[in-house]
Number of protein chains: 2
Amino acid sequence: MVERLPAEARRTALAKLKGWSEVSGRDAITRTFTFRDFNEAFGFMTRAALVAEKSDHHPEWRNVYKTVEVVLATHDADGVTARDIALAEAMNKIAGG
Amino acid sequence: MVERLPAEARRTALAKLKGWSEVSGRDAITRTFTFRDFNEAFGFMTRAALVAEKSDHHPEWRNVYKTVEVVLATHDADGVTARDIALAEAMNKIAGG
């Protein structure tokens, strides 16, 4: 069982996570990635999907052509956990920043 | 330039498209696909992405674990065209019904 990050720990983690912010009205974090085109956007999604599946921790995400809007939260914990921070970091790395 | 389908033609096309319906308040069509797990859901998305890219006509879609919510409309035509019907048919075929 993964536990929700205390507010202080989440703030510290978010401060290091380029582009991510808290979702208003919900214990979750979000980032919208913008790529050059659909090829790049879906390439990002495919690489992130492999990471997600391997770690058995999956994003909520929406793709419209070259943008991918991601929301991360841990269903079992009903909030943001270290698993979300890890997936956010992996996504940033895949997206190149 | 692809033209918007007249209301009658869209109704006829939709009637043949299993699972699809009109989006309320917007000239677009939608279907939510539900699979067994993330592997199946993202497998569907990957196959559909190849079709979309090849025909240069892309979906708006949202994936949460085993569900994929798709919205189709043609940006250039500001509404539903034959290209959306074709992509919807291809998605149904990929999803197996």
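Throughout, read-outs are computed from the coordinates displayed, never taken from laboratory work. These numbers come from a predicted model, not from an experiment. Cβ: placed from backbone, ideal geometry, glycine included. Neighbour counts: every protein chain shown.
Step by step: first the residues of the range A:50-72, then only those that are aliphatic (A, V, I, L, M) and either within 9 Å of chain B (Cβ to nearest Cβ) or out of contact with any helix residue (DSSP H, G or I) (no Cβ under 6 Å at 6 or more places or on another chain) (or both), then the one that is surrounded by the most Cβ atoms within 10 Å (Cβ to Cβ). Which residue is that? Give the derivation first.
Going through the range A:50-72, the residues aliphatic (A, V, I, L, M) turn out to be A:50-52, A:64, A:68, A:70-72.
From what's left, either within 9 Å of chain B (Cβ to nearest Cβ) or out of contact with any helix residue (DSSP H, G or I) (no Cβ under 6 Å at 6 or more places or on another chain) (or both): A:50, A:52, A:64, A:70-71.
Working: A:50: 13, A:52: 21, A:64: 16, A:70: 24, A:71: 18.
Going through the qualifying residues, I end up with A:70.
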**Asked** Here are some residues: B:32, B:46. Which one is assigned to a strand (DSSP E or B) and free of Cβ contacts under 8 Å to residues at least 40 places away in the same chain?
**Response** B:32
**Request:** Identify all residues within the range A:49-97 that are more than 14 Å from the chain's Cα centre (by Cα), under 19 Å from residue B:49 (Cα atoms) and either in a helix (DSSP H, G or I) or aliphatic (A, V, I, L, M) (or both); write none if there are none.
**Result:** A:64
**Item:** Scope the range B:30-49; condition out of contact with any helix residue (DSSP H, G or I) (no Cβ under 7 Å at 6 or more places or on another chain), surrounded by fewer than 17 Cβ atoms within 10 Å (Cβ to Cβ) and of a type in the set (Val, Ile, Thr); matching residues
**Value:** B:32, B:34
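Tell me the residue from B:46, B:30, B:34 that is facing chain A (nearest Cβ under 10 Å) and either touching a Gly at 6+ places or on another chain (Cβ under 6 Å) or of a type outside the set (D, E, K, R) (or both), please. So that I can check it myself, show each step before the final result.
Working: B:30 fails: facing chain A (nearest Cβ under 10 Å); B:34 fails: facing chain A (nearest Cβ under 10 Å).
It is B:46.
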**Message:** Looking only at the range B:73-90, filter to residues that are touching a residue at least 60 places away in the same chain (Cβ under 8 Å) and touching a helix residue (DSSP H, G or I) at 6+ places or on another chain (Cβ under 6 Å); which one of those is nearest to the other protein chains (Cβ to nearest Cβ)?
**Reply:** B:74
**Request:** Mind listing whichever residues of the range B:1-29 are assigned to a helix (DSSP H, G or I) and exposed (fewer than 15 other Cβ atoms within 10 Å of the Cβ)?
**Result:** B:7, B:8, B:9, B:11, B:12, B:15, B:16
